[in-house]
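The values are calculated or read from the model by the stated rules, or taken from the named source; none is laboratory data. Owing to the predicted nature of the structure, the values given are computational and were not obtained by experimental measurement. Here the Cβ positions follow ideal geometry from the backbone for every residue, glycine too, while neighbour counts run over all protein chains shown. Ligands, DNA and RNA are excluded from the accessible area calculation, which covers all protein heavy atoms including side chains. Shrake-Rupley method; radii C 1.70, N 1.55, O 1.52, S 1.80 Å.
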Amino acid sequence: MKILLDTNIIVDDALEREPFLEASEQVLVLVEQGQVEGYIFASTFAVGQLLPCRYCRQYHNQHGTKPQL
């Protein structure tokens, strides 16, 4: 079976977002085990590039620090 993974499934797993983490992990385990073929949108890669920047900025704003380049 082939499935198209919504970007939120990837994001939920990467950021461990509750209450969606358990469900997204279950789907990804099926893909890892080869029980289903998982596909993602090309735009999911762009989201994966932007998320670390967004959360890094939030972290530094909350802690009054500056990111080191």
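Selection of segment 1-26 for residues being open to solvent by less than 100 Å² (accessible area, probe 1.4 Å), touching a strand residue (DSSP E or B) at 6+ places or on another chain (Cβ under 9 Å) and at pLDDT 95 or above yields only Ile3. Quick one: count up the residues across segment 27-52 that are open to solvent by less than 80 Å² (accessible area, probe 1.4 Å) and at pLDDT below 65. Of the residues in segment 27-52, 1 are open to solvent by less than 80 Å² (accessible area, probe 1.4 Å) and at pLDDT below 65. Which members of segment 2-16 meet the condition of being more than 11 Å from Ile40 (Cα to Cα) and in contact with a Leu (Cβ under 9 Å, 6 or more places away or on another chain)? Val11, Asp12, Asp13, Ala14, Leu15 - these are the residues of segment 2-16 that are more than 11 Å from Ile40 (Cα to Cα) and in contact with a Leu (Cβ under 9 Å, 6 or more places away or on another chain).
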